[in-house]
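J.: The structure follows.
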Amino acid sequence: MQQVHIHRSLALATLALVMAGCLLPRGTENGRSLHAPRHQREIDLQHAWRGQPYEALLTAFGTPKMSMEIPGRHHDITFAVVNGMNDAASHCIDAFTVVIDRSSRQRLVVDYFCR
């Protein structure tokens, strides 16, 4: 009886994995890469935000949903900030790295990442 229950559980788990796989986006749609909008958003926002004041980022995106310090840099304080999904076409979760200069306390955006 217990062995039948295990087999049934494995069959249901396998079915769930197969069904979940059907929901994943495929590599291309009509010959066009589904990753193109994500890649283009990453390029565009990296270009637009690198070196910009963090205050401008706050004005444009609002308060981040998550912020955490990245250890390892001795003279500067570096944070990762996550703003969530703001672009339905790319499905990017917008994330930025921000550096705070210890001497001047100036906060600047270092980079953008589409996650």
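The values are calculated or read from the model by the stated rules, or taken from the named source; none is laboratory data. Computed from a predicted model, the values in this text were never measured in an experiment. Methodologically, a virtual Cβ is constructed for each residue, glycine included, from the backbone with ideal geometry; neighbour enumeration extends over all protein chains shown. Heads up: the accessible areas ignore ligands, DNA and RNA and are worked out on the full protein's heavy atoms, side chains in. Shrake-Rupley method; radii C 1.70, N 1.55, O 1.52, S 1.80 Å.
J.: What number of residues within the range 75-115 satisfy the criterion of being charged (D, E, K, R), open to solvent by 40 Å² or more (accessible area, probe 1.4 Å) and assigned to a strand (DSSP E or B)?
T.: The number of residues fulfilling the criteria is 3.
J.: Which residues, counting only those in the range 81-115, are modelled with pLDDT under 95 and small (Gly, Ala, Ser)?
T.: Passing the criteria: GLY84, ALA88, ALA89, SER90, SER103, SER104.
J.: Could you check, for the range 51-63, whether at least one of its residues is touching a Cys at 6+ places or on another chain (Cβ under 9 Å) and part of a loop (DSSP other than H, G, I, E, B)?
T.: As a first pass, look at the range 51-63 and keep what is touching a Cys at 6+ places or on another chain (Cβ under 9 Å): none.
Scanning the range 51-63, I find no residue that is touching a Cys at 6+ places or on another chain (Cβ under 9 Å) and part of a loop (DSSP other than H, G, I, E, B), so the answer is no.
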